[in-house]
Amino acid sequence: MSFNFNDLSEQSSSSSSSSSSTTAPKRIFTRELACMMYGFGDDRNPYAETLNLMEDLVIKYITDLLNKAYQYRTCDRLTIEDIMYAVHNDPKKISRVYDLLTMNMELKQARKAFDEISLQKQPPSSSSSSSIEKKNDEQK
């Protein structure tokens with residue numbers, strides 16, 4: 001997959017000239033990208049233009065990856081296996097996919113265990129305890 005920066009600059013210049021008639025694209029990764037950029041040594045508050053360019057690159061990459069995975073799909077819906085096959089030639093990416101899937105499973109198990117523990121520690125609800133008290137009062 002190759003990326004041509006000239007295409008991106010042409011898209012951004014054409015979108016900026018037509019922005020008066022249309023709304024700007026919704027920026028959904030701005031906050032996360034700013035934190036990542038800061039973590040990699042950029043300024044705490046990077047320029048908006050830099051964030052916009054980075055977001056355009058990320059969205060372009062995700063779109064290209066999903067289109068590639070869509071070509072290899074095994075059923076009507078796109079699956080994790082399709083995405084893994086799309087990156088199977090890149091050992092770093094496939095390793096990262098395995099790491100993220102493992103981490104996701106561990107988090108699910110930890111949440112489930114935490115929910116089970118919290119349910120065991122909860123005292124009986126007031127409605128059930130009041131009904132027990134009523135039965136005890138009736139027996140007296």
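The values are calculated or read from the model by the stated rules, or taken from the named source; none is laboratory data. Keep in mind that what you see is a predicted model, and the values were worked out from it rather than measured. Don't worry about glycine lacking a Cβ; one is built from the backbone with ideal geometry, like all the others, and counts go over all protein chains shown.
Quick one: which residue in Thr22, Thr30 is among the polar types (S, T, N, Q) and either modelled with pLDDT of 95 or more or over 17 Å from the mean Cα position of the chain (by Cα) (or both)?
None of the other options fit; the residue is Thr22.
Tell me the residue from Lys68, Lys60, Lys93 that is basic (Lys, Arg) and in contact with a Leu (Cβ under 8 Å, 6 or more places away or on another chain), please.
From the options Lys68, Lys60, Lys93, the qualifying one is Lys60.
Quick one: is Asp82 modelled with pLDDT under 90, surrounded by 10 or more Cβ atoms within 10 Å (Cβ to Cβ) and not in a loop (DSSP other than H, G, I, E, B)?
Answer is no for this residue.
Go through (1) in contact with an Asp or Glu (Cβ under 9 Å, 6 or more places away or on another chain); (2) free of Cβ contacts under 8 Å to residues at least 24 places away in the same chain for Thr30 and report which single condition fails.
Thr30 satisfies every listed condition except (2).
Run down Glu55, Glu106 and say which single residue is touching a helix residue (DSSP H, G or I) at 6+ places or on another chain (Cβ under 9 Å), at negative phi and at pLDDT 95 or above.
Glu55
How many residues, within segment 57-73, are touching a Phe, Trp or Tyr at 6+ places or on another chain (Cβ under 9 Å) and among the β-branched types (Val, Ile, Thr)?
2
Which of the residues that make up segment 33-52 are aliphatic (A, V, I, L, M) and touching a residue at least 12 places away in the same chain (Cβ under 8 Å)?
Selection gives Leu33, Ala34, Met37, Leu51.
Condition first: surrounded by 15 or more Cβ atoms within 10 Å (Cβ to Cβ) and among the charged types (D, E, K, R). Now tell me which residues in segment 63-79 satisfy that.
Lys68, Arg73
Can you tell me which residues in segment 47-79 are in a helix (DSSP H, G or I) and aliphatic (A, V, I, L, M)?
Across segment 47-79, the qualifying residues are Ala48, Leu51, Leu53, Met54, Leu57, Val58, Ile59, Ile62, Leu65, Leu66, Ala69.
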